[in-house]
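Provided herewith is a single structure, encoded as structure tokens, for subsequent inquiry.
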Amino acid sequence: MPSEQSHLKRMILSQSVEGTAIPMVLFSDDTLAQGDASADQPEVVASAAAGLGVDPDALELFSYDAYRLQSALGEGLAP
Amino acid sequence: MNKWTPGHSAALMRSPIVALNFHEIAAEHRDSVRRSLRHVAGMGPRFDPDEPAPADGPRVFVAFYDGMRDAAFFGAEECERLGIKAYFFPLFQHYDPHLANVTDDEWRQIAAVHEIGFHTATHATVAEVTPLTVEREVVEPIARIEAITGVRPRIGAWKGGTRFDADQLGNRTAREHGIRHLVSNWSIERIP
């Protein structure tokens, strides 16, 4: 049973390398106001990753790939 | 720096946009793409930026970027088969013309089922739009989409998925030419 981190890592890398897509979870205009719209995106990703013990730098992701980390985290929110 | 807040989580939990973003789709990945599309197709209604969010539950946004020919046709057909009205963001002066030789007539056929959005001419970032390039990268692609589809595009996306920033010439010009919603790696938001 892979750890959550290794599962997440595989998902991120598979998207980056293979050109397929995983679901991203985005804010809509309606929901944006409920969060802090001015939140810095990389910091959001970094803090979310830290909560899972994932180091985006160790994955050698480009900055925009790091956004996919947030998306991967959000995948679990979908039914 | 700002941190992720409970408000962010609550917003995403209540009514997220579940987005699938595609660029090039290699033949060996088509089965995987079909699985992803089927997965999201049943999650909720299509995201329409002019429709209010439902009380709860996700909406689905499927997009194909850069106008890669194989991906565009494959995506258009598969999404139509699944009842998904997808978004396509073509480039008109693609960095690889062998990948992206979709004609305007073919875009017109795709637009009969799906929606076409603005994504610049040559895959410029918003920071690369200058007074010298703004006609080519912003004004002309928007006009071309309108000529193809008969309607001015309402939605756009920048290379890199950056959010709206009115300090950027590209954003201001896109807004002046009718773009009302911007897709980013963070949100799909109405342009203020």
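Here, each number is a calculation from the coordinates, and none is a lab measurement. None of these values were measured; they are calculated from a predicted model. For neighbour counting, all protein chains shown are included, and Cβ atoms are generated from backbone atoms with ideal geometry for every residue, glycine included.
Any idea how far the Cα center of region B:104-132 sits from the one of region B:155-182, in Å?
12 Å
So which residue, out of B:P16, B:P52, B:P141, gets the largest mean-square fluctuation from a GNM of chain B using Cα contacts under 10 Å as springs?
B:P52
Additional query: Which order do the peptides B:19-27, B:127-135 take when ranked by the mean count of other beta-carbon atoms within 10 Å per residue, highest first?
B:19-27, B:127-135
Note down the relative contact order for chain B as a percent, whole number, built from C-alpha pairs under 8 angstrom at least six residues apart. Before the final figure, lay out each step's value.
Working: 319 pairs, mean separation 30.7, N = 192.
Result for chain B is 16 percent.
Can you give the mean number of other chain Cβ atoms that lie within 10 Å of the Cβ atoms in peptide B:179-185? Present the calculation step by step, with values, prior to reporting the outcome.
Values: counts 0, 0, 2, 1, 1, 4, 12.
Going residue by residue through B:179-185 and averaging, the value is 3.
Can you tell me which of B:142-154, B:78-90, B:57-69 comes out highest on packing, and rank the rest after it, using the mean Cβ neighbours within 10 Å?
Answer by packing, highest mean first, reads B:57-69, B:78-90, B:142-154.
Let me ask you something else. Taking the Cα centre of region B:41-172 as origin, work out the dipole magnitude from +1 charges on Lys and Arg Cβ and -1 charges on Asp and Glu Cβ, in debye rounded to 20.
Details: 13 positive and 21 negative charges, 31 e Å.
Magnitude of the dipole: close to 160 debye.
Helix-only mean residue ellipticity at 222 nm, chain B, DSSP H runs n ≥ 4 weighted -39,500 (n - 2.57), per residue, nearest 500. What is it? Working shown, then result.
On the way: 6 runs with 61 residues, N = 192.
Mean residue ellipticity, 222 nm, calculated: -9500 deg cm²/dmol.
Show the residues, 5+ positions off or on another chain, whose built amide H is closer than 5 Å to the amide H of B:S187.
A:F27
What does the structure give for B:17-24 when I average, per residue, the other chain Cβ atoms found within 10 Å of the residue Cβ?
Numbers: counts 10, 10, 8, 5, 8, 3, 2, 1.
For peptide B:17-24, the averaged partner shielding equals 6.
If you take every DSSP beta bridge whose two residues both sit in region B:6-190, what share of them, in percent to the nearest 5, is antiparallel?
Roughly 15 percent of the DSSP beta bridges within region B:6-190 come out antiparallel.
Which of rounded, prolate, oblate describes region B:6-190, given a ≥ b ≥ c as roots of the alpha-carbon gyration tensor eigenvalues and a/c under 1.5 marking rounded, otherwise prolate only if a/b is larger than b/c? Could the numbers behind the result be given before it?
Numbers: a/c = 1.73, a/b = 1.14, b/c = 1.53.
It is oblate, given that a/c is not under 1.5 and a/b is not larger than b/c.
Here's a follow-up. Can you give the average number of partner chain beta-carbon atoms within 10 Å of each beta-carbon in peptide B:48-54, as a whole number?
Numbers: counts 0, 2, 1, 2, 3, 4, 1.
What the average comes to for B:48-54 is 2.
Based on other C-beta atoms within 10 Å, arrange B:T103, A:T31 from fewest to most. Please list the in-between numbers first.
On the way: B:T103 10, A:T31 22.
Going from least to most buried by this count: B:T103, A:T31.
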